[in-house]
Amino acid sequence: DAGITQSPRHKVTETGTPVTLRCHQTENHRYMYWYRQDPGHGLRLIHYSYGVKDTDKGEVSDGYSVSRSKTEDFLLTLESATSSQTSVYFCAIKLPGEGTEAFFGQGTRLTVV
Amino acid sequence: AQKVTQAQTEISVVEKEDVTLDCVYETRDTTYYLFWYKQPPSGELVFLIRRNSFDEQNEISGRYSWNFQKSTSSFNFTITASQVVDSAVYFCALSELRGTYKYIFGTGTRLKVLA
């Protein structure tokens with residue numbers, strides 16, 4: 001078990017409010033990712049990190065920011081939540097080694113009303 | 001640009017039937033990895049298999065088998081004698097090996113196995 005914890009697991013928020021999702025890992029994995037899952041779109045990469053303070057945008061980064069001030073935590077922030085950001089958000093880490101798979105957290109279901 | 005296509009949105013089969021889930025990918029890299037994941041109704045993402053671009057051997061694990069054909073850029077997944085517990089969404093993914101190791105996912109195929 002790669003030890004990933006996402007918090008919160010469920011959240012309902014109002015349009016226009018800021019929201020931060022947390023991904024915590026316990027095994028010092030270098031690479032971390034945030035994905036969103038929506039019907040018909042599969043899993044789409046929002047942002048990723050390849051080290052402390054090293055982050056970059058994925059394919060659907062508009063409206064999201066991330067921070068990684070320490071190895072174990074990767075935060076995803078919706079600066080001003082919109083209804084289009086209602087989704088299930090998954091954090092993942094890359095397991096050590098070449099070509100290894102991503103290991104996913106349990107997901108956070110976010111509803112923006 | 002890298003892309004993964006799972007053209008089958010949803011498939012329904014009757015228990016004990018065989019079913020093949022298709023995955024077609026695009027990449028300019030010569031070295032890459034391909035993956036399959038399962039997402040059961042409970043929602044977690046479960047890793048099933050990975051295959052590197054230099055290994056075109058088919059793989060079999062119990063009722064599951066995978067056919068990787070580089071010539072057609074396909075990595076298809078077959079379930080033999082399907083069971084109700086196989087009902088899930090299945091994702092195919094591609095990973096680059098340079099730099100940031102991003103994983104690109106297809107849109108998934110929902111498999112319904114009817115008793």
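Would you tally the residues in segment B:30-45 being loosely packed, with under 13 Cβ neighbours inside 10 Å and closer than 17 Å to A:Leu95 by Cβ?
So in segment B:30-45, the residues loosely packed, with under 13 Cβ neighbours inside 10 Å come out as B:30, B:41-42.
Filter once more, keeping what is closer than 17 Å to A:Leu95 by Cβ: none.
Counting residues in segment B:30-45 that are loosely packed, with under 13 Cβ neighbours inside 10 Å and closer than 17 Å to A:Leu95 by Cβ gives 0.
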| said: Is it the case, given these coordinates, that B:Thr78 is among the hydroxyl-bearing types (Ser, Thr, Tyr) and part of a loop (DSSP other than H, G, I, E, B)? | reply: no
| field | Among (1) within 13 Å of chain B (Cβ to nearest Cβ); (2) within 21 Å of B:Pro41 (Cβ to Cβ); (3) outside any loop (DSSP other than H, G, I, E, B) - the single one A:Leu110 does not satisfy | value | (1)
| task | Considering every residue within segment A:56-65, establish whether at least one is within 11 Å of another protein chain (Cβ to nearest Cβ), free of Cβ contacts under 8 Å to residues at least 24 places away in the same chain, out of contact with any Asp or Glu (no Cβ under 8 Å at 6 or more places or on another chain) and in a strand (DSSP E or B). | result | yes
| message | Quick check on A:Ser69: is it surrounded by fewer than 14 Cβ atoms within 10 Å (Cβ to Cβ) and more than 14 Å from chain B (Cβ to nearest Cβ)? | response | yes
| Any residue at all in segment B:53-71 that is in contact with a strand residue (DSSP E or B) (Cβ under 9 Å, 6 or more places away or on another chain), within 13 Å of chain A (Cβ to nearest Cβ) and either crowded, with 17+ Cβ neighbours inside 10 Å or not in a strand (DSSP E or B) (or both)? | yes
| query | For segment A:86-106, what are the residues that are surrounded by 21 or more Cβ atoms within 10 Å (Cβ to Cβ) and closer than 18 Å to A:Leu21 by Cα? | reply | A:Ser87, A:Tyr89, A:Phe90, A:Cys91, A:Ala92, A:Ile93, A:Phe104, A:Gly105
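Right, B:Val89: out of contact with any Cys (no Cβ under 9 Å at 6 or more places or on another chain), farther than 18 Å from B:Val24 by Cβ, modelled with pLDDT of 95 or more and part of a strand (DSSP E or B) or not? Before you say what the answer is, go through the steps one by one.
Values: out of contact with any Cys (no Cβ under 9 Å at 6 or more places or on another chain): yes; farther than 18 Å from B:Val24 by Cβ: no; modelled with pLDDT of 95 or more: yes; part of a strand (DSSP E or B): yes.
No.
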| said: Show the residue pairs meeting these rules: Cβ distance below 7 Å; 6+ apart or different chains; first residue within segment B:95-107 and within 7 Å of another protein chain (Cβ to nearest Cβ); second residue assigned to a loop (DSSP other than H, G, I, E, B) and among the aromatic types (Phe, Trp, Tyr). | reply: B:Ser95/B:Tyr101; B:Tyr101/A:Tyr31
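The values are calculated or read from the model by the stated rules, or taken from the named source; none is laboratory data. No experiment lies behind these values; they were computed from the predicted model shown. Note: ideal-geometry Cβ built from the backbone for every residue, glycine included; neighbour counts use all protein chains shown.
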